[in-house]
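Data first, discussion second: the structure below is written as structure tokens.
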């Protein structure tokens, strides 16, 4: 649309200039009229070739050489007769020079403008034109060249702006894609943590029930009710396991819903975990908060809570009924969570409440620690785990 408008303006300008020059010019000799008509014809032919090649898209393919040649022909032909008395052919030369400043290289545009200036000066000398008129035409050529350069600058800025806008849109699309991938990874971690905790605890209860049934075999009962008591105890354990399965499903749903909602404070979540662990696993859990508690970002709170949850599950698997200590230290630049539990000695009976020693199996050993480390690394935190002074200790640290 813009190109069509430009050509309509150019064509209209050349027609108006041609009519004014040939039909309404006065005080000119026949020789001057012939020269002007020839220059106008040459200019029109060059303009027609320019329009045809541009419409066919061949000017850009030839790197502007043909365009530069055509503009030079127009500028020289029109400039050479522009000093004729009453001639308006300088307008055709202006069209060529402006186009040169807009569409050709800088050096080429100056070359075309210089050719037009030389043609004007030569024409002025040949016709004994007034020096002021010649200088005025030369100034018009210079202003036309600068105007063409200004148009070129606007065009380049527009192209760069369009390219930058396209790059910004591509960047936003890439950011949206990365955000979707991050959200998927986050959901996977959340569901894994919830299921690993729930199913791990459920497996412990089922193994305990099987151990009770094996230890209280009714075929060897002494008739004192031991078999009946064992079955009752196993039924109680299985009831707890069934309740834990339902709780695990509920927690999974909550984990997915919590991905886009605010989470409870870290202290509150840890207190709930400690209370639930005492109820389900009959283990002493001590929670201590050191320092001035301060709210954390939801991602940080969730990460630290999952570390505590995974540590409690591991303690129930590997050291059942052993004391667990949870310490949260609020510092100025970081929050540190420490979960430590006493190790169960090999061959020793786990204390009591009707349970006998059971060698609980683990599932995906070590994967929970890997998941916790990955979660904390995303937040710039760290995680260490190992035996310290006879206690299995997990230390998680996240920056504030």
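Using mean Cβ contacts within 10 Å as the protection proxy, how do 94-103, 180-189 order, highest first?
Working: 94-103: 25.1, 180-189: 12.4.
Per-residue mean Cβ counts within 10 Å order the peptides as 94-103, 180-189.
Treating the Cα atoms of segment 295-342 as identical point scatterers in vacuum, please give the log10 of the normalised Debye intensity I(q)/I(0) at q = 0.21, 0.26, 0.31, 0.33 Å⁻¹, two decimals. Here the Debye-derived log intensity ratios amount to -0.74, -0.96, -1.16, -1.24. Pairs of Cα atoms in segment 56-176 fall into 10 Å distance bins, from 0 up to the last occupied one, in shares of 14, 36, 24, 13, 7, 4, 1, 0 percent. Highest average first, the peptides 126-138, 328-340 ordered by how many other beta carbon atoms sit within 10 Å of their residues are 328-340, 126-138.
Kirkwood analysis of segment 141-203, using all unique Cα-Cα pairs, places the hydrodynamic radius at 16.4 Å.
Each value in this text was obtained by applying a stated rule to the coordinates, not by laboratory testing. None of these values were measured; they are calculated from a predicted model. Note that each Cβ is placed from the backbone with ideal geometry, even for glycine, and that neighbours are counted across all protein chains shown.
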